[in-house]
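Everything below concerns the one structure shown next.
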Amino acid sequence: MIVKRKKLNFWERLYLPAIIGGFKVTIRHFFKKKVTMQYPEEKWVVPEGYRGAPYLVKDQEGRTKCVSCQLCEFVCPPKAIRIAPPGPGGSPEAGNVEKAPKEFEINMLRCIFCGFCQEVCPEEAIFLLKDYSLTGTSRQELIYDKEKLLALGGVHQDQIHKWKQKADEALAQGVAP
Ligand code: SF4
Ligand code: SF4
């Protein structure tokens, strides 16, 4: 089948109507509300419950909540978590958390923000917070260690006061908790 080429009329050969039409679209958009975000200076406000990067949190008294049970390490699909539990004699950390981890790492390059670690944690010690933009200049920089995870996670005002009872008992017996 032969498709006949349409002959251009005078105005079409001038191309001016097409150019003017293009300018009209440009001018219309020029006066519209700007929707371009100046990232990274401007960032999205993410909704409540957003699942960003997972961080470790501390309790109201500033103590590490994690007890090195390693459930999150076991359940993590891409194996992004690595935990070294405390050796014999417990954790060097002060307070009642005798099984606070010696090391706790999350490889943010592997993490898929699935939230399994948060769901499985019996101590409510790990939460997916709102950070969605993690950057670094090397792969090593994106492996977050325990100190960094705790600093980013901050204090979590939770409802579990599991050590309070023990501390109260210790105080009643005149022993420092
Ligand atoms: S959010 Fe998912 S992938 Fe990321 S550390 Fe937790 S379990 Fe692993
Ligand atoms: S973060 Fe939670 S699940 Fe993971 S080792 Fe600590 S206590 Fe266990």
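The values are calculated or read from the model by the stated rules, or taken from the named source; none is laboratory data. Bear in mind the structure is a predicted one, so any value in this text is a computation, not a measurement. Counting neighbours? That spans all protein chains shown, and the Cβs are built from the backbone with ideal geometry, glycine included.
Within segment 111-140, take every residue that is more than 13 Å from ligand 1 (Cβ to nearest atom) and surrounded by 13 or more Cβ atoms within 10 Å (Cβ to Cβ) and give me the one that is modelled with the highest pLDDT. By that ranking, first place goes to K130. Annotation: of all residues in segment 67-82 being within 6 Å of ligand 2 (Cβ to nearest atom) and not hydrophobic (A, V, I, L, M, F, W, C), the one that is surrounded by the most Cβ atoms within 10 Å (Cβ to Cβ) is S68. Within segment 60-75, the residues that satisfy the criterion of being within 16 Å of ligand 1 (Cβ to nearest atom), under 17 Å from E103 (Cβ atoms) and free of Cβ contacts under 8 Å to residues at least 60 places away in the same chain are S68, C69, Q70, L71, C72, E73, F74.
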